[in-house]
Amino acid sequence: SSRAISTLNEIINKVRLHDDDSIAWARQKCKTDIFSFNGSSCKLDSDVYAIGHCHIDTAWLWPYAETRRKVARSWSTQIHLMGQYPELEWNFALSQSCQFEWLKEDYPELFERVKEQIKSKKFFPVGGSYVEFDANMPSSESMIRQFMYGAEFFKSELGIHSDIFWLPDTFGYSAQLPQLMKNFKMDYFLSQKLSWNLMNTFQHNSFYWEGIDGSQVIAHFPPADNYNSGADVREIVKSST
């Protein structure tokens, strides 16, 4: 309703991250002004779930050395905040085994802390590939190596297997990817970049993607049309309708 949206905007504008009083006020505001809108059942029209992640380009407009530091800063910040707010159900997705490998080499103590968060089901390694690679120009052999090295590191170092191919920021999609994913026991594909097309609007957010050989995976493009989110009212409404 317009009242709920107005309340959410008020909360977003007033809450300050390190201000415990404003956070307590926001929680109470949600209970009294939002969760009571739909009658005694206190049930919202939609349930919206969010999981944090850092989209860290392995190579972009900075040197590799800066990426290595950025990984450590970003992931250690999540651990710090989880410790500061233990009452929150706070989960975090991490992709690209290359970045795990760099963390192990440069910050071994932090790497062990990350592994503890994985065991406690707070951190969730996703992606299965060595880096989030371009899926338009490389050969099939190149993509196979990405999956092979990624899966090998996740299994040997983290004791897990990712069944999600996490590729939010690619500039193309090879039609053979569903077949390659299936060979590495990946059933789910997350991406997003098609929604940035200036000419054509992609019709679906969740669908079966069928490859050249008939292999099918479940694909999901976040309905907010972005791989990052401010969790503002516009994006929440768009994601739940």
| task | Determine, yes or no, whether residue 227 is under 29 Å from residue 49 (Cβ atoms), among the hydroxyl-bearing types (Ser, Thr, Tyr) and at pLDDT 90 or above. | result | no
| note | Note: among 202, 207, 171, 154, just one is within 27 Å of residue 104 (Cα to Cα) and of a type in the set (Phe, Trp, Tyr), namely 154
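Here's the yes/no breakdown for (1) touching a Phe, Trp or Tyr at 6+ places or on another chain (Cβ under 6 Å); (2) modelled with pLDDT of 70 or more; (3) in a loop (DSSP other than H, G, I, E, B); (4) not acidic (Asp, Glu):
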{"residue": "7", "(1), (2), (3), (4)": "no, yes, no, yes"}
{"residue": "13", "(1), (2), (3), (4)": "no, yes, no, yes"}
{"residue": "21", "(1), (2), (3), (4)": "no, yes, no, no"}
{"residue": "38", "(1), (2), (3), (4)": "no, no, yes, yes"}
{"residue": "42", "(1), (2), (3), (4)": "yes, no, yes, yes"}
{"residue": "45", "(1), (2), (3), (4)": "no, no, yes, no"}
| note | Within region 96-118, restricting to residues that are crowded, with 21+ Cβ neighbours inside 10 Å and of a type in the set (S, T, N, Q), the one that is nearest to residue 50 (Cα to Cα) is 96
| message | Taking the criterion of being in contact with a Ser or Thr (Cβ under 7 Å, 6 or more places away or on another chain), closer than 25 Å to residue 137 by Cβ and open to solvent by less than 40 Å² (accessible area, probe 1.4 Å), would at least one residue in region 193-202 satisfy it? | response | yes
| query | In region 127-152, which residues are among the aliphatic types (A, V, I, L, M), buried (at least 16 other Cβ atoms within 10 Å of the Cβ) and at pLDDT 95 or above? | reply | 131, 143, 151
| task | Identify, by number, the condition in (1) buried (at least 16 other Cβ atoms within 10 Å of the Cβ); (2) modelled with pLDDT under 95 that residue 121 doesn't meet. | result | (1)
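The values are calculated or read from the model by the stated rules, or taken from the named source; none is laboratory data. None of these values were measured; they are calculated from a predicted model. No Cβ is skipped: glycine too gets one built from the backbone with ideal geometry, and neighbour counts run over all protein chains shown. With ligands, DNA and RNA removed, areas are computed over all heavy atoms of the protein, side chains included. Shrake-Rupley method; radii C 1.70, N 1.55, O 1.52, S 1.80 Å.
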